[in-house]
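Structure, as C-alpha cells:
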Amino acid sequence: MPTDTDTDDREAGVLEAIDAIRPALQSDGGDIVFNGIDGDGAVHVTLVGACGTCPVSMMTLKAGVERIIMDRVPGITEVISE
C-alpha cells in the first residue's frame, strides 16, 4: 500500500513530467491541467485550449503524455483525460 510519501513523490514526478510536456502543448495553443492520481495509479488530466478540441488529442495523450509520464514516474498505470 502506498504511503503518503510515495503518493507525494509520485505527484511531484507527474507534475515535473507535465512541466516538461507543457511547452510543446502550449506551442500548439493548448495546455494540460493535472487533476490528480487515483488509487490505481491512473493520472487524471484535462486537455484544454486547442488540445481540448483537437481530433488527435487522444493520440497526443496516449502516445506522448502517457508514455512520458509512465517512463518518468514509477507506479503510474495510465493517463486519463477528463
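The values are calculated or read from the model by the stated rules, or taken from the named source; none is laboratory data. Keep in mind the model is a prediction, meaning the values are calculated, not measured. Please note: Cβ atoms are built from the backbone with ideal geometry, for glycine as well, and neighbour counts cover all protein chains shown. Areas reflect the complete protein model, heavy atoms only, side chains present, ligands, DNA and RNA absent. Shrake-Rupley method; radii C 1.70, N 1.55, O 1.52, S 1.80 Å.
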Would you kindly derive the ³J(HN,Hα) couplings of the stretch 66-76 from the backbone phi angles with the Karplus curve 6.51 cos²θ - 1.76 cosθ + 1.60 (θ = phi - 60°), listing them in order in whole Hz, with x for Gly and Pro? 4, 4, 5, 5, 5, 5, 8, 10, x, x, 7
Pull out the extension gain between F34 and E16, defined as 0.36 nm times the separation in residues minus the alpha carbon to alpha carbon distance; nm, one decimal. 5.4 nm
If the elastic network links every pair of Cα atoms under 10 Å, which of V43, V65, V56 fluctuates the most in the Gaussian network model of the chain? V56
In nm, spacing of pseudo-spin labels at E78 and T46 (7 Å Cα→C-beta vector): 2.1
Taking only protein heavy atoms into account and a 1.4 Å probe, give the accessible area per residue of the chain in Å². 58
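What is the diffusion coefficient of the chain in µm²/s, taking the Kirkwood radius over Cα pairs and the Stokes-Einstein relation at 20 °C with a viscosity of 1.002 mPa s?
On the way: Rh = 12.7 Å.
After rounding, the answer is 169 µm²/s.
Taking loop as defined by DSSP and a crowding limit of 13 other beta carbons within 10 Å, which trypsin sites (Lys or Arg not before Pro) in the chain fit? The partial results should precede the final answer.
Working: sites: R10, K62, R67, R72; in loops: none.
Sparse-neighbourhood loop trypsin sites (Lys or Arg not before Pro): none present.
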Only Lys, Arg, Asp and Glu count, each charged at its Cβ (+1, +1, -1, -1), so figure out the dipole size of the chain about its Cα centre, rounded to 20 debye. 400
